[in-house]
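The values are calculated or read from the model by the stated rules, or taken from the named source; none is laboratory data. Since we're looking at a predicted model, the values are computed, not measured. Don't worry about glycine lacking a Cβ; one is built from the backbone with ideal geometry, like all the others, and counts go over all protein chains shown.
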Amino acid sequence: MNKHPSFRSAAIWVVICQLTAGAWAASAPGQTDAQEAVWHSFKERFLRDDGRVVDDANGGVSHSEGQGYGLILAEANHDQESFDRIWKWTDAHLRRRSDRLFAWRWKPGFFGAQVDQNNATDGDLLIAWGLCRAASTWQNPAFRDASAEIASGIRQKLIRASKFGPVLLPGTEGFEKPEGLIVNLSYWVFPAFRALAKVDPAVEWPMLEQSGLKLIGVARFSPFDLPPDWLLIGKDSVDIADGFEPVYGYNATRIPLYLAWAGIEPARYYSAFRQIGRLAGNAQPPARVFLPAGNFGEEAALPGMRAIYELIEGPGDLHPAALHPPYRNPNATEPYFSVSLGLLANCAGEEAGAPRP
């Protein structure tokens, strides 16, 4: 599996996160209607009747990650009907019966539909976390059991030892090399670790949080001290992984999103990301920075990426996004990935430090 930037979805989330407990009552007049309109727009563009979340910029494929995002968004929007459809399709079409994890990519019209049987660990984590949230919201023990089963599968199949502590393989196949382990730090979904520890009590979850923070601290390349999308953990050092584009880009931009969502506040974790978000002044920051030299790619950061940079800006360590959502103007032409990031950034701002459940 070579999971590179996929431009993933459109208008979802000015809504979703303010649907956390108590947010309906606190919303300003008319705000609930606006939120419902955004969620409705997302469903119209990206959610098929059967529950499949579509990546419109990649030939209409679906990813386990996108299904996980859909579950989280539906739960946060208190849309149980959509949640049930998304979970039913995910379980029926992506589930790997051998280990209860999920194939990472599904292509319409492809024989067997699962283009790649390998899993993507971030997709597994997001699906498990979405189920965990739904179990709490709708008091559904079946969702809790399914979440615990996936969490257990992740621990059994995808955790390896390193000098930094336990680390996550990005998938079951292809990431253990003679020179070391290849990891993707944007797969450290910190708020999911904390939630899954409640349904699958195990020491690995808090240990993964600590290993992720250690790696974010040492995986610093270029004059901007940025982590790469794909990192090699060798016996004595870390380096940019061979065989992948040597960039900080569409993957690694999610690292500060998940840090903020978990309420991890020391400024040292955000300094490099804040720096790149500020570099272009009033213009758009770059979508990619080539490592180790630090040259900018030609593409500008997508609106959803810029929303993450805005999320982590502000007078404190975390932006007060509940008062000033970082993603405010989704539009009908924005690709799936950008809108997903923007709406998730709003959710992180609402839930920072106390993500549901």
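Key figures for this structure:
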{"read-out": "Answer residue from segment 52-94, given it is closer than 19 Å to residue 140 by Cα and part of a loop (DSSP other than H, G, I, E, B) and is modelled with the highest pLDDT among those", "value": "79"}
{"read-out": "Selection status of residue 254, among the charged types (D, E, K, R), touching a strand residue (DSSP E or B) at 6+ places or on another chain (Cβ under 9 Å) and either under 11 Å from residue 312 (Cβ atoms) or modelled with pLDDT of 95 or more (or both)", "value": "no"}
{"read-out": "Selected residue (only one of 263, 281 is modelled with pLDDT under 80 and on the phi > 0 side of the Ramachandran plot)", "value": "281"}
{"read-out": "Residue 153 under 18 Å from residue 73 (Cα atoms), in a helix (DSSP H, G or I) and in the same structural domain as residue 55 (by TED's automatic domain parsing)", "value": "no"}
{"read-out": "Residue tally, condition of a type in the set (D, E, K, R) and modelled with pLDDT of 95 or more, over segment 102-136", "value": "3"}
{"read-out": "Any pair with Cβ under 9 angstrom, 6 or more apart, that starts in segment 123-141 at a residue that is within 14 Å of residue 355 (Cα to Cα) and ends at one that is among the hydrophobic types (A, V, I, L, M, F, W, C) and not in a helix (DSSP H, G or I)", "value": "126/189; 129/189; 137/21"}
{"read-out": "The lone exception for residue 312 - which of (1) within 27 Å of residue 44 (Cα to Cα); (2) out of contact with any Asp or Glu (no Cβ under 9 Å at 6 or more places or on another chain); (3) at pLDDT 80 or above it fails", "value": "(1)"}
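Residue by residue, here is whether (1) touching a residue at least 24 places away in the same chain (Cβ under 8 Å); (2) more than 19 Å from the chain's Cα centre (by Cα) holds:
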site: 256; (1), (2): yes, no
site: 265; (1), (2): yes, no
site: 269; (1), (2): yes, no
site: 275; (1), (2): yes, yes
site: 285; (1), (2): yes, yes
site: 290; (1), (2): yes, yes
site: 298; (1), (2): no, yes
